[in-house]
1. Name the single residue that is surrounded by the most Cβ atoms within 10 Å (Cβ to Cβ) among those in region 112-145 being without any contact (Cβ under 8 Å) to a residue 24 or more places away in the chain and farther than 16 Å from residue 173 by Cα.
2. Considering every residue within region 54-73, establish whether at least one is under 20 Å from residue 229 (Cβ atoms) and without any contact (Cβ under 8 Å) to a residue 60 or more places away in the chain.
3. Please state which one of 166, 160, 133, 184 is in a helix (DSSP H, G or I), within 20 Å of the chain's Cα centre (by Cα), of a type in the set (S, T, N, Q) and closer than 30 Å to residue 315 by Cα.
4. Of the residues 249, 253, which is part of a strand (DSSP E or B) and within 18 Å of the chain's Cα centre (by Cα)?
5. Acidic (Asp, Glu) and surrounded by fewer than 22 Cβ atoms within 10 Å (Cβ to Cβ), is that true of residue 154?
6. Does any residue in region 41-52 that is under 18 Å from residue 198 (Cα atoms) come within less than 9 Å, Cβ to Cβ, of a residue that is loosely packed, with under 14 Cβ neighbours inside 10 Å six or more places away or on a different chain, and which pairs are these?
7. Can residue 148 be described as without any contact (Cβ under 8 Å) to a residue 60 or more places away in the chain, surrounded by fewer than 22 Cβ atoms within 10 Å (Cβ to Cβ) and not aliphatic (A, V, I, L, M)?
8. Could you please tell me which pairs satisfy a Cβ distance under 7 Å, a separation of 6+ or placement on different chains, a first residue in region 309-336 that is more than 20 Å from residue 235 (Cα to Cα), and a second residue that is surrounded by 14 or more Cβ atoms within 10 Å (Cβ to Cβ) and of a type in the set (Lys, Arg)?
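None of the figures in this text is laboratory data; all of them are computed from the coordinates on show. Keep in mind it's a predicted model, so treat the numbers as computed, not measured. Methodologically, a virtual Cβ is constructed for each residue, glycine included, from the backbone with ideal geometry; neighbour enumeration extends over all protein chains shown.
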Amino acid sequence: MAPEKTILITGGAGFIGSHVVRLFVNKYPEYRIINVDKLTYAGNLENLRDIEDKPNYLFVKGDIVDQAFIHDILGRYAITGVIHLAAESHVDRSIASPMEFIHTNITGTVNLLNAARHHWKGTSGEKLFYHISTDEVYGSLGEQGYFTEQTAYDPRSPYSASKASSDHLVRAYFHTFGLPVVISNCSNNYGPYQFPEKLIPLFIHNIVNNKPLPVYGKGENVRDWLYVGDHAAAIDILFHHGEKGETYNIGGNNEWKNIDLIKKLCSVMDGKLGRKPGTSARLITSVKDRAGHDLRYAIDSSKIRKELGWKPSVDFDKGLEMTAGWYLSNKEWMEKVTSGDYLKYYEEQYVKR
């Protein structure tokens, strides 16, 4: 019996992608889920061990920059929907090596758009190209205000510029070619399986190992934090019910200054490690601020809340406790993903400044 839908999820072995793959594989046994991932440093099949033998799941290793590969995948598996998460996503790495971000985030997205346009041309039935993006495309906010779907783009880093470019291209294919698309822009995600170059898992790792916690400048930069499971749930809703051609902001309504978040995490970790209160906070170390460091991001997610009924279900206290507990209970996973050049890279880039 043919599957009801065959969905290609790009970057499905990464942090957010693995949560989306797991959700769709378990929730929709009548769908076939094809996970394509290049398996770079941030992509890890360990993230999906619990569903790798499911009959409606298939992993295919490959690079979205490879045009022939992408055309073959969409044709061979008769893909009816694309959820596009594959991306280079770390700002610091984009500053050090912009071209990798241009290739993956722009060229890779265009390859997918062209393949979808080619294979879906003249077909009937529901098709959708769902592009997941970031709030960083909007630039930087002052102390007041929020990013809405109408906020003008003002990217400040090679990463955010590459994502802004891909967003514009997705919209262009909708308007020019009639390709059915949906775009979402989300705030900072946190939770299990996040590669420890990002703030929360990096600092959990460093606290456990009594290493410095490098804070840019005074730690005054503000971010809106969203639990990754809530983001996956929003992606599910938008894939099935989002209006074609529309953009939706997904945020946690949960703003924190970096320094306050770090101190809160230190307190949580002291409790879980049985350390005296204040022990982990002594590891906080100020380092030179990042080039083009945006002051504040804050998402207005009223559109998806009002139109589609989504809202975050995990409050930050609970989410941070669960996240810290997961990393402490999965030390083998952490050791595997930090066993390469990653720690050396971080110590050279930040700790020794």
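1. Across region 112-145, the extreme among qualifying residues is 123.
2. yes
3. One residue alone meets the criteria, 160.
4. Answer to the selection: 249.
5. yes
6. 41/340; 41/341; 44/336
7. No: the conditions fail for residue 148.
8. Partner pairs satisfying both residue conditions: 320/264; 324/272; 325/272; 328/272.
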